[in-house]
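The values are calculated or read from the model by the stated rules, or taken from the named source; none is laboratory data. The structure displayed is predicted, hence computed values, not measured ones. Using ideal geometry, Cβ is built from the backbone for each residue, glycine included, and neighbour counts are taken over all protein chains shown. SASA here: full protein model, heavy atoms, side chains in, ligands and nucleic acids out. Shrake-Rupley method; radii C 1.70, N 1.55, O 1.52, S 1.80 Å.
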Amino acid sequence: MTHTIKEVKIAVIGLGYVGLPLAVEFGKKYPTLGFDINKARIDELKSGQDHTLEVSPDELRAAALLSYSCELEQLKQANFYIVTVPTPIDEHRQPDLTPLVKASETLGKVIKPGDIVVYESTVYPGATEEDCIPVIERISGLKFNRDFFAGYSPERINPGDKEHRVTSIKKVTSGSTPDIAEFVDSVYRSIILAGTYKASSIKVAEAAKVIENTQRDLNIALINELAVIFNKLGIDTEEVLLAAGTKWNFLPFRPGLVGGHCIGVDPYYLTHKAQAIGYHPEVILAGRRINDGMSKYVVAQLVKQMIKQQINVSGARVLVLGLTFKENCPDIRNTKVVDILSELTEYGMSADVYDPWIDPAEAQHEYQLTPVSTPEQGAYDAVILAVAHQQFKQLGAAGIRSFGKKSHVLYDLKYLLPQQDSDLRL
């Protein structure tokens, strides 16, 4: 079965932080359908707006061949499907493949002989061929690698990053046969300016993706553990890191909360698969334990400092600045700031959250939180600077401290302020 790039009609399934930028780039060159089950999202994009702020109205307009739909029938027009749905973990920190399975069920209803399905969602090695493809086969009645084909090309989107975009990040590709691998690579290569890297198999590509963020997770865990040690020794962690960073090969990681859709999630996909084949990962899970425990550590440090300053902990009011998982973007997926809020409640404190980047309705829907529109002046016993948004940097120490009572604790988790301007640093 011969595939030619001129005949490609693309459908991107899932129009979040990953899918939309990809659909926009393909929509500049190929007939492309952006598909999402969320009608409100489709309506928003049709109106030329993107609430994730990943794509500007001008960029949306530039994708002349891109259309949007939530109608299943529209999907049948495509022959090259790209799946970019979320792959979260459940409350037991196990992979939740529900969105991926549902997307595969959808594909099973529309796929035709000769079509190709490429998955971009982060999974463990083997998930595409063992968990997704059988669903398509069962519903469509078509045979994998005879009637339809597959590929895997892991997403590398960095939310809020305006420098590293879809086209400027090298893309790993793969396919279920050598010919399909080459074709999938050529399709991506036609839009990715940074070039592509063709992996030898789908499993290799899946594994490459899942270890990218596992490596980052472990590096941050090491620095978090060092921060705990240095705090006990009375040494400022940032000063140590700046000094060590003068060596050319010292990696510039910083301590902090590890959330988001990738770093705090992907290692659990790898460890789940490892345990399924009888191997118990030690280093990876140790890193996860450290990073998942940082919220407890932060609040415990805050409580100690409040006691030192003779501030009553029970009934105290705390202002948390920032809810997103990283600075200067509206993404609140898997944010660990909510763990800090939960810990504060355990100590009998109440917290207000202020974040100029977020959609309050989304915070309410995802976490049952009602952020304040403006923090109260002089009202708080403690202020936690949790996210390094540019607005907080512009406020400076004086502006941030104006929210606190005459005696209050300012805890800077992000090294946003000079050392002398805060009472606590991570």
Of the chymotrypsin sites (Phe, Trp or Tyr not before Pro) in region 260-309, those whose Cβ has at most 16 other Cβ within 10 Å and which sit in DSSP loop: 279
Residue 282 versus residue 101: modelled label distance in nm, points set 7 Å from Cα along the beta carbon direction: 3.4
Accessible area of region 273-359 divided out per residue, in Å², using a probe of 1.4 angstrom: 45
Space enclosed by the convex hull of the alpha-carbon atoms of region 33-185, per residue, Å³: 135
Computed over region 140-272, Cα set: Rg, Dmax in Å: 19.6, 66
R0 of 60 Å, Cβ-Cβ distance residue 65-residue 229: FRET efficiency to nearest 0.05: 0.60
Reachable aspartates and glutamates from residue 170, criterion Cα separation under 19 angstrom, eight or more residues apart if same chain: 25, 54, 120, 155, 161, 182, 185, 206, 212
Helix 283-292 axis, angle to the chain major axis (alpha carbon atoms, nearest 10°): 50
Region 280-426 - Rg and Dmax from Cα coordinates, angstrom: 15.0, 51
Ranked by how many other beta carbons lie within 10 Å on average, peptides 120-131, 385-396 from highest: 120-131, 385-396
Largest-first ordering by accessible area, 1.4 Å probe, given options 198, 308: 308, 198
Nearest-10 value in Å² for the accessible area of residue 350, using the 1.4 Å probe: 60
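Taking the radius of gyration and the Kirkwood hydrodynamic radius from Cα positions alone, what is the Rg/Rh ratio for the chain, to two decimal places? Can you show the working numbers first?
Working: Rg = 23.4 Å, Rh = 23.2 Å.
Looking at the chain, the ratio lands at 1.01.
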Percent accessible area from carbon and sulfur atoms, region 298-361, protein chains only, probe 1.4 Å: 45
Accessible surface of region 194-233 [probe 1.4 Å, protein heavy atoms]: carbon and sulfur percent: 60
J(HN,Hα) series, region 251-265, from Karplus relation 6.51 cos²θ - 1.76 cosθ + 1.60, nearest Hz, glycine and proline x: 7, x, 8, 10, x, x, 7, 10, x, x, 7, 10, 4, x, 10
Simple label model, 7 Å out from Cα along Cβ direction - residue 362 to residue 309, nm: 3.2
Cα-based Lys pair tally, region 219-366, threshold under 18 Å, eight or more apart or on separate chains: 6
Linear extension gain, residue 247 paired with residue 200, 0.36 nm per residue minus alpha-carbon span: 13.3 nm
Sequence-distant lysines (8 or more away, or on other chains) whose Cα lies within less than 19 Å of residue 171: 28, 29, 162, 198, 203, 209
Nearby lysines by direct alpha-carbon distance to residue 143 (threshold 17 angstrom, same-chain neighbours under 8 apart not counted): 109, 112
Viscosity 1.567 mPa s, temperature 4 °C, Stokes-Einstein D of region 155-217 from Kirkwood C-alpha radius, µm²/s: 105
Set of region 344-387 residues, backbone N closer than 19 Å to the point 7 Å along the Cα-Cβ line of residue 407: 349-350, 378-384
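If I compute solvent accessible area with a 1.4 Å probe over the protein chains, what percent of it on region 72-120 is carbon and sulfur?
49
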Debye log10 I(q)/I(0) at q = 0.15 Å⁻¹ for region 73-152, Cα point scatterers: -0.48
Probe 1.4 Å, accessible area per residue of region 1-147, Å²: 45
Mean-position separation - Cα centroids, region 146-209 and region 233-305, in angstrom: 28
